[in-house]
Amino acid sequence: MISSKTLIIIVGPTAVGKTDLCVKIAKLLDTEVVSADSRQFYRELAIGTAKPTIEEMDGVKHHFVDSHSIQDYYSVGDFERDCLAVLDEIFQRKDVAILTGGSGMFIKMITDGIDEMPEADLELRQKLAERLENEGLEPLANELKQLDPVYYEQVDIQNTQRVLRALEVCISTGLPFSSFRKNQKVERPFKMIKVALERPREELYARIDKRMDIMLASGLEKEAKSVIDFREHYALKTVGYREIYEHLDGEYDRDEMVRLLKRNSRRYAKRQMTWFKNQDEFNWFDAKNDEEIMAFVQSSLQDSV
């Protein structure tokens, strides 16, 4: 049986304008938005994650915004499970749902699936978390290198959660984490319309710089200080927080911190663009052409009926 349900996926780099477009489409189609932004989950992080405000949401329900605490361990696999459950609930009421974000791996877990992994060993996970707090990330990364050199070469070694999860699997099963990764794409019980947003480089970079000025004026440094005890958490080792902590550590002055915040945000946007252009087949649009995008979405929905 061909599903009558459709997931509209809207991706793109930071500051490109995903939130505004998603709200417009959600209102047009009377549906809800599911966030796949790996940092907007956390209640304690609002400014540095560019989390949509109540005004920006404009009455549209957003899932996975403020859904967890920075103290929670929340993996890509956890998100896949929870997101599919939320989509199933939405599809019981609606024919269409919207998934959006700039975190490529989280989007990919919904479009393609994740390999079946061993059950979590909660006791071992707690011990590894304690080691991370006491020893830092480097010794754990070195241990992963010994246990699974293949995955060590593939993983973002600064991604604390992925390093810990891989170590957990290696230690609990006695097998390399990479041996469980078969990369087999799964079939989902819904159709997908994939839209990617871009802007001319100078225009996007100007938007990123302006957004960072607004974040700083809104209290980004105060927010970073409020969660400094969790600075080893992956969400705080990313652009927008890492630079502030390095400034607080005395590595450079505030002017240099601001320069690096903007430069690294622009570099992050470039990496996001590269990921989405290389990982999947998206229909690319200039973010300013929202009427064209909405017409494409409506046409695609009619074609899929």
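Coordinate-derived values only; no laboratory data. What you see is a predicted model, and the numbers here were worked out from it, not measured in a lab. Cβ sites come from the backbone with ideal geometry, for glycine too, and all protein chains shown count toward neighbours.
Once you sort the root eigenvalues of the Cα gyration tensor of the chain as a ≥ b ≥ c, which label holds: rounded (a/c under 1.5), prolate (a/b larger than b/c) or oblate (the other case)?
oblate
Relative to the present Cα-Cα distance, how much length would full extension add between ARG259 and MET105 at 0.36 nm per residue of separation? Don't skip to the end; give the middle numbers.
Values: separation 154, 0.36 × 154 = 55.44 nm, distance 2.77 nm.
In short, 52.7 nm is gained.
Would you please classify the overall shape of segment 122-180 from the alpha carbon gyration tensor, given that a ≥ b ≥ c denote the square roots of the eigenvalues, rounded means a/c under 1.5, and beyond that prolate means a/b larger than b/c while oblate covers the rest?
Since a/c reaches 1.5 but b/c is at least a/b, the shape of segment 122-180 is classed as oblate.
Counting each DSSP H run of 4 or more residues in the chain as -39500 (n - 2.57), what helix-only mean residue ellipticity at 222 nm follows after dividing by all residues, to the nearest 500 deg cm²/dmol?
Values: 13 runs with 156 residues, N = 305.
It comes out at -16000 deg cm²/dmol, rounded to the nearest 500.
Looking at the chain, do any whole DSSP H helices span at least 18 angstrom along their long axis by alpha carbon and average 0.0 or above on Kyte-Doolittle, and which?
Going by DSSP H runs, the hits are 76-91, 160-173.
Cut-off is 10 Å between beta-carbons; in what order do TRP284, TRP275 appear when sorted fewest neighbours first?
With the fewest neighbours first, TRP284, TRP275 line up as TRP284, TRP275.
Arrange TYR252, TYR73 by Cβ neighbour counts within 10 Å, fewest through most, would you? Mind showing how you got there, number by number?
On the way: TYR252 13, TYR73 17.
Final ranking by Cβ density, sparse to dense: TYR252, TYR73.
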